[in-house]
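The values are calculated or read from the model by the stated rules, or taken from the named source; none is laboratory data. Note that this is a predicted model, so its numbers are computed, not measured. Cβ: placed from backbone, ideal geometry, glycine included. Neighbour counts: every protein chain shown.
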């Protein structure tokens, strides 16, 4: 059906169930947690900069060719995942959206080449600019342009790769 969102439900492992318990979470507890998130005044900048520095190091290693694909993918995706997870919590939904686009792209590639490194590096610089300018929220028209450009760069890469027969 058009407009309908499909939800995947994953069954928790027994270890996870033992840690968190089972059953419904009380509405009051959810509301308290949501209030904490909504009223959070923590400065995301220093935390984001640590993740961005980690991403910069991963790009440096990638350019030097010092890691295999699996290690490189892990070193690149780890800080991007952290930025995605923490961005929205601290009011930087644009960072979360851009990081999500990058993660989806990185999941589709079978190798890391110079073009991918350039896309990741541009992504890192864009996220740094967002943090440095304290661009909270979705970024409005500028945020939409940033998202469209990242999607476009990823799409152009995939089309170029497909045209060369490197699927």
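Considering region 131-144, and only residues there that are surrounded by fewer than 14 Cβ atoms within 10 Å (Cβ to Cβ) and under 17 Å from the mean Cα position of the chain (by Cα), the residue that is farthest from residue 46 (Cα to Cα) turns out to be 144.
Scanning region 148-167 for residues that are in a loop (DSSP other than H, G, I, E, B) and under 14 Å from the mean Cα position of the chain (by Cα) yields nothing.
Looking across 83, 103, 150, one residue alone is surrounded by 13 or more Cβ atoms within 10 Å (Cβ to Cβ) and over 19 Å from residue 53 (Cα atoms). It is 150.
Listed by first and then second residue, the pairs linking a residue in region 11-38 that is surrounded by 10 or more Cβ atoms within 10 Å (Cβ to Cβ) to a residue that is part of a helix (DSSP H, G or I) and modelled with pLDDT of 75 or more, with Cβ atoms under 8 Å apart and 6 or more places separating them unless they lie on different chains, are 37/89. Checked against (1) touching a helix residue (DSSP H, G or I) at 6+ places or on another chain (Cβ under 8 Å); (2) in a helix (DSSP H, G or I), residue 145 passes all but condition (1).
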